Amino acid sequence: MPVYVRSLETAVPPTILVQSQARDVFAAQPGLTRLGSRLVSTCFDSAAIDTRYTAVEELSLDAHPENPKFFDPGLNQVLSPSTKVRNEIFATEATKLFIESAKAAIAGVPDLDLDDITHVVTVSCTGFFNPGPDYKVVRALGLNPAVQRYHLGFMGCYAAFPALRAARQFCTADPSAVVLVICAELCSLHVRTSNDPDTIMGSAIFGDGAAAAIVTAREPQGPEPVLRLDHFETVLTPVGEEAMAWNIGDEGFEMVLGSYVPHIIEEHITGALEPLLAKEPELAARPYKDITHWAIHPGGRSILDKVESRLELTREQLVPARETLREYGNMSSATVLFVLKYLLDRPAQAREERICSMAFGPGLTVETALLTLVSPAL
C-alpha cells in the first residue's frame, strides 16, 4: 500500500544572517588567537553559505537591545548566555515555527479536515520543554485532543527520516491515518565564540528553520505533485562515534563536528546505500547517477563534495542540496526536508521520478530513503 507526503512546507524566522557580516563579527571577538581568527575567516568563507536565518533577533546588526544577552552591538561582542536563557527562547520561538509550518502543511491539502489528523510527530534537538511542541501544536491548531502524539528529541541532523518512517508505519497499519510530521530547529541559539575548530565550524554553518509534512495512505486527489515513501534504512558506520556529537553544556549545547567526518562519509557511503538499494535490485545494478534525483542533507560543503565525488553524481544532482545550504545553512533535522521541498517545487519532467535521499548525524548514523516524486497532472 503506497504512503504519500501529500504536502511539505517550510518556515524560517524573520531575522537574516548575512554570512560575510557574521564572519567579520566572529573574527573580531576578544579572546581569539591569531589562529582562531584565521580559522573563523576560513570556515565562514569556505562554507558555501550566503545567508542563514535566526530566531535570535539581537544577532542582527540592525538590532539595538536594551539588555543584550547574545550580542552587544556597542561592544561588537558575542555574549555567552546560560543554557537556561537559550532554552527559554527555544520554548517561545521554536513553538512559533512548529505552528507556522504545520498550518502551511495542512493548508496544502485542501481535502483534509483538522479532525482527519490522527498522529502528530514533532522533532527537534536544539531545546526542550514540557508540555512539549507536540502538545503546543495540538492546542494551537485545534486538533482532536485524542490525537496520538510523539516527540523525537536530541537525535540530530538525521531525525527527519525516523519521523517519516514512523509516519509511514502508522499509515501502513491504519490506511485511514493522517500524520502531521514537523521538524523545527533553532541551532543559532547555541552559537558562541571560541578558538575551538568544532565550535567555529558550528558558528559558520548552522541556522534556524522548520518543515512540516502531511503523510497519509489516502490517494492524492488533485494535480499537485506528491512524494511516495518507498523504503527507509538505517546504518551505523563502524567508526565516527567521537567525530560527530551534540552535548549539553552550561552555556548552550556543544557541537562536535570533527574535520574527519566528510572522509568517514566518503569511505562508508556506498556501504550505507547497499541495504536500501537491495530492496530494488534493478536500481542496485545501475550507476548511482541513474537515479534521477539525490536529496542529500547538506551538513556542510565538504560533505556534499565527498558524496558527489564518491557516488559519481552530476553537479546538477547536488543542486537542491547546495542551494539549500547556500540560502539557509544547516538547520539540523529540518534541512533535508527543505531539499525535498526544492524538488517538489521544480517543474516535473515525468509522471514518476525517483529520489534517493540521505542524512547524516551523531554516531555516525546514516539514514537513507528511496522516494518517488509523483506528478498526477502529467
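Beta carbons closer than 9 Å, at least 6 apart along the sequence or on distinct chains, pair a first residue in the range 43-61 that is in contact (Cβ under 8 Å) with a residue 40 or more places away in the chain with a second that is part of a strand (DSSP E or B) and of a type in the set (Ser, Thr, Tyr) for 53/15; 54/15; 55/15; 56/15; 57/15; 59/15; 60/15; 60/54.
Tell me whether the range 219-241 contains one or more residues that are touching a strand residue (DSSP E or B) at 6+ places or on another chain (Cβ under 7 Å), β-branched (Val, Ile, Thr) and closer than 25 Å to residue 128 by Cβ. There is at least one residue in the range 219-241 that is touching a strand residue (DSSP E or B) at 6+ places or on another chain (Cβ under 7 Å), β-branched (Val, Ile, Thr) and closer than 25 Å to residue 128 by Cβ. Within the range 260-293, the only residue that satisfies the criterion of being over 16 Å from residue 311 (Cβ atoms) and within 20 Å of the chain's Cα centre (by Cα) is 261. Summed over the range 286-310, residues that are touching a Pro at 6+ places or on another chain (Cβ under 8 Å) and either among the polar types (S, T, N, Q) or more than 20 Å from residue 371 (Cβ to Cβ) (or both) total 5.
The set of residues in the range 245-259 that are closer than 16 Å to residue 362 by Cα, out of contact with any Cys (no Cβ under 9 Å at 6 or more places or on another chain) and crowded, with 16+ Cβ neighbours inside 10 Å comprises 245, 254, 256, 257, 258. Residue count for the range 361-370 under the criterion of being within 16 Å of residue 275 (Cα to Cα) and crowded, with 24+ Cβ neighbours inside 10 Å: the result is 3. Can you say whether residue 28 is of a type in the set (A, V, I, L, M, F, W, C) and crowded, with 20+ Cβ neighbours inside 10 Å, as far as the supplied structure shows? Answer is no for this residue. Has the range 57-65 got any residue that is over 18 Å from residue 20 (Cα atoms), of a type outside the set (Ser, Thr, Tyr), crowded, with 17+ Cβ neighbours inside 10 Å and out of contact with any strand residue (DSSP E or B) (no Cβ under 6 Å at 6 or more places or on another chain)? No, the range 57-65 has no match at all. Which residue is modelled with the lowest pLDDT, if the candidates are limited to the range 95-113 and must be surrounded by 17 or more Cβ atoms within 10 Å (Cβ to Cβ), out of contact with any Leu (no Cβ under 9 Å at 6 or more places or on another chain) and not charged (D, E, K, R)? Filtering first and then ranking leaves 112. Among the residues making up the range 232-244, those that are in a strand (DSSP E or B), surrounded by 18 or more Cβ atoms within 10 Å (Cβ to Cβ) and at pLDDT 90 or above are 232, 233, 235.
Looking only at the range 164-207, how many residues end up being surrounded by fewer than 24 Cβ atoms within 10 Å (Cβ to Cβ) and free of Cβ contacts under 8 Å to residues at least 60 places away in the same chain? The qualifying residues number 9. Here residue 157 passes the criteria (1) surrounded by fewer than 22 Cβ atoms within 10 Å (Cβ to Cβ); (2) part of a loop (DSSP other than H, G, I, E, B); (3) touching a residue at least 24 places away in the same chain (Cβ under 8 Å) except the one numbered (1). Of the residues making up the range 334-347, none is modelled with pLDDT of 95 or more, within 20 Å of residue 278 (Cα to Cα) and not charged (D, E, K, R).
Mind telling me which of the residues 84, 136 ends up being among the charged types (D, E, K, R), under 26 Å from residue 253 (Cα atoms) and free of Cβ contacts under 8 Å to residues at least 12 places away in the same chain? After ruling out the rest, the residue left standing is 84. Restrict the check to the range 144-152 and report whether at least one residue is buried (at least 17 other Cβ atoms within 10 Å of the Cβ), touching a helix residue (DSSP H, G or I) at 6+ places or on another chain (Cβ under 9 Å) and in a loop (DSSP other than H, G, I, E, B). There is at least one residue in the range 144-152 that is buried (at least 17 other Cβ atoms within 10 Å of the Cβ), touching a helix residue (DSSP H, G or I) at 6+ places or on another chain (Cβ under 9 Å) and in a loop (DSSP other than H, G, I, E, B). Applying the criterion of at least 2 residues that are out of contact with any Gly (no Cβ under 8 Å at 6 or more places or on another chain) to the strands (runs of 3 or more DSSP E) found wholly in the range 1-109 leaves 4-11, 15-18.
The values are calculated or read from the model by the stated rules, or taken from the named source; none is laboratory data. What you see is a predicted model; the values in this text were computed from it and never measured. No Cβ is skipped: glycine too gets one built from the backbone with ideal geometry, and neighbour counts run over all protein chains shown.
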